[in-house]
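Working notes for the structure below.
Values in this text are rule-based calculations from the coordinates and carry no lab data. Just so it is clear, the model here is predicted, and its values are computed rather than measured. Cβ placement follows ideal geometry from the backbone for every residue including glycine, while neighbour counts extend to all protein chains displayed.
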Amino acid sequence: MLKIFILTMIMILSLTLPAGALSENDPLGEDLLDNDSPAGDIPAGEPFMEDPAEDIPLEDPDYEEHYYRARVLKVEETREDQQDYYTVIEQEVVVELTSGPFEGKELEILNTFFEGDPVYDFVLEEGQEVIVVALGEEGSFEQVHVQDLARDRGVYYLLGVFALVLLLVGRMKGLKTLLTLVVTIFLIFQFLLPLLLLGYSPIPLAVIMASIAITFTLFVIGGLNLKSLVAILGTISGVIVAGLMAFWAGSIARLTGFGTNEAQMLYFLDQSIDFRGLLFAGIIIGSLGAITDIGMSVASAASEIKQASPDISGRDLFRGSLNVGRDVMGTMANTLIMAYVGAATPMLLLVMGYEMDWLKVINMDLIATEFVRGVAGSIGLIAAVPVTALLAGRLLARR
């Protein structure tokens, strides 16, 4: 989704990997424009990442990176050098390492940045926590500089508050929710991503992983009963519909899978990956949460209706749960749209500020990809409503 793209852009800028434009005289560009290559559908002139391996010998021990948390003890001197179009600022600072095997070691670092650059403008002050990176063998601090400001503690504190609120409000249900979150994250990072790097087909892998995550989550949250089974089957059907719609629309729109910079960087890491399949697998995983919500909501509503009216017919149960699903679907669709607009606000402002032609905007690989992601996920969400309601009318009414 768009928010993932924005986060990835920040990651790329922090890593300072070189980016280049695709040119007709570049032999690599000719290969990429060849339809037989993995990126053969990329139109000429679209930006593409240069191969970082040409500039960084990864096997050279002199280029090994070691990261440490540090605290700024003192800012000794700040100098300004006025150039033609910008001002270079240099700060001589003393930092103390606060993590790792060399905790307590003090280092003198030269922090250099361009004034007014919002990306690399790290004006250091005493007491700030920063992340420093040292090049070379571990323990060698001949080449060391400030990589970024330390932001992880804010993230950890927020996660802690989230877990605490979840437990206080949800109690046992909240504990089960935390358990399912941990298992889902474990499945993604220990199975899905490693298998994708090994070259397994992304779409079947995503469907299998999503089915396992859905089954475990809903059985833990809802218990081993017909209500959970209905929710599982309805959610899986919605996820499959979302994947099929993404594949169909992506094929018509000739999406390449290289619409984001991280996909372009990944091409140079492992060219055996099916990038178009990876795009559709991402859509399946991205739609999983919303479709699970609506599937469980419809199944729970059907179960409550059945308990309130034990003699209700399957047709009436189907209609009642379908009406509930329609209401949930309306609010969920609105939530999805607001989430997309909120994440894409900078891009929307960019398009409006430069008054780009709509024909150009809608045909950009990145924009078309995001449209397919959002609409395909929404179609899967909508499809899950009648399927779950139908399953509830068939299974729960006979209970």
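Worth a mention:
- Loop-located trypsin sites (Lys or Arg not before Pro) in the stretch 169-234 (DSSP state other than H, G, I, E, B) with a sparse environment of at most 16 neighbouring Cβ atoms within 10 Å: ARG171.
- Segment LEU193-MET352, length gained on full extension (0.36 nm per residue, minus Cα span): 53.6 nm
- Cα-Cα pairs of the stretch 162-280 separated by more than 23 Å (percent): 44
- Geometric extent, Cα atoms of the stretch 62-149 - Rg, Dmax (angstrom): 13.3, 44
- Convex hull per residue volume in Å³, alpha carbons only, for the stretch 341-397: 92
- Modelled label positions at ASN363 and ARG71, each set 7 Å beyond Cα in the direction of Cβ, lie 5.8 nm from each other.
- Applying D = kT/(6 pi eta Rh) to the stretch 171-396, where Rh is the Kirkwood radius over alpha-carbon pairs, T corresponds to 10 °C and eta to 1.306 mPa s, the Stokes-Einstein value obtained is 84 µm²/s.
- Computed from the Cα positions only, the extents of the stretch 271-352 along the three principal axes stand at 57, 38, 15 Å, in decreasing order.
- Modelled FRET efficiency - R0 22 Å, THR98 with GLU125, Cβ distances, 0.05 increments: 0.85
- For the pair LEU269 and PHE371, a Förster radius of 22 Å applied to the C-beta separation gives a FRET efficiency near 0.20, rounded to the nearest 0.05.
- At R0 = 51 Å, FRET efficiency that the Cβ-Cβ distance of GLU304 and LEU149 yields, to 0.05: 0.55
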